[in-house]
Amino acid sequence: MRFAELVIPGAFIIDIEPHTDGRGFFARTFCAREFADHGLVATTAQVNASYNRRRGTLRGLHYQVEPASEAKLVRCVSGAIHDVIVDMRPSSPTYLRHVSVELSAANRRLLYIPQLCAVGYQTLADDTEVVYQVSGFYAPESERGLHHGDPRLGIVWPLPVTEISPKDTAWPLLSPEAKRP
């Protein structure tokens, strides 16, 4: 695996290194030792899958606060997504900044999202499926979210939103005192 750190400290794009032969290829998508060597959380408590019928579906932006914060490793196994990470760590030099990455079945990339960073994505194709490993257990009392259209974040989604949950549309806007660096 090849690890490339993004602008948000601790966030990484991970590219697989396929070993090919006449059958196709074999590649590692997770190795606790390699993750630990890069300073990443190497624990998996849950593995989740998300299937999305329609192009333009938006999920997120979600994160969990202490004591149940969680790191995530996201991979798109069918279709394509525009994945967005927002740094929610007040002491971080990139607090409230975001980064976007395209993940697809074709590019086979993975995205590592550190603890206390919100994540959301929009599907770029019909019938898109996303699998993500999570370092902690879901804790509803620790769940937080950001409104996908919050002007303070300045996120530009590539498509009009075709589907979104009532929960995701109800996340509040950031308060006026929330400052971007």
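The values are calculated or read from the model by the stated rules, or taken from the named source; none is laboratory data. Bear in mind that the values here come from a model prediction, so they are computed numbers and not experimental data. Quick reminder, even Gly has a Cβ in these numbers, built from the backbone with ideal geometry, and neighbours come from all protein chains shown.
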How many residues does region 109-148 hold that are assigned to a strand (DSSP E or B) and within 14 Å of the chain's Cα centre (by Cα)? 18
Taking region 73-99, which residues are touching a residue at least 24 places away in the same chain (Cβ under 8 Å), more than 10 Å from Ile8 (Cβ to Cβ) and surrounded by fewer than 17 Cβ atoms within 10 Å (Cβ to Cβ)? Val77, Ser78
Give, as residue ranges, the strands (runs of 3 or more DSSP E) completely inside region 1-66 that count at least 3 residues that are more than 24 Å from His82 (Cβ to Cβ). 19-21, 24-26
When you scan region 149-161, do you find a residue that is under 17 Å from the mean Cα position of the chain (by Cα), modelled with pLDDT of 95 or more and not in a loop (DSSP other than H, G, I, E, B), even just one? no
Selection from region 74-105 of residues that are out of contact with any Lys or Arg (no Cβ under 7 Å at 6 or more places or on another chain), aliphatic (A, V, I, L, M) and not in a strand (DSSP E or B): Met88, Ala105
Against the conditions (1) more than 16 Å from Val131 (Cα to Cα); (2) touching a residue at least 40 places away in the same chain (Cβ under 8 Å), where does Arg23 fall short? Just the number, please. (2)
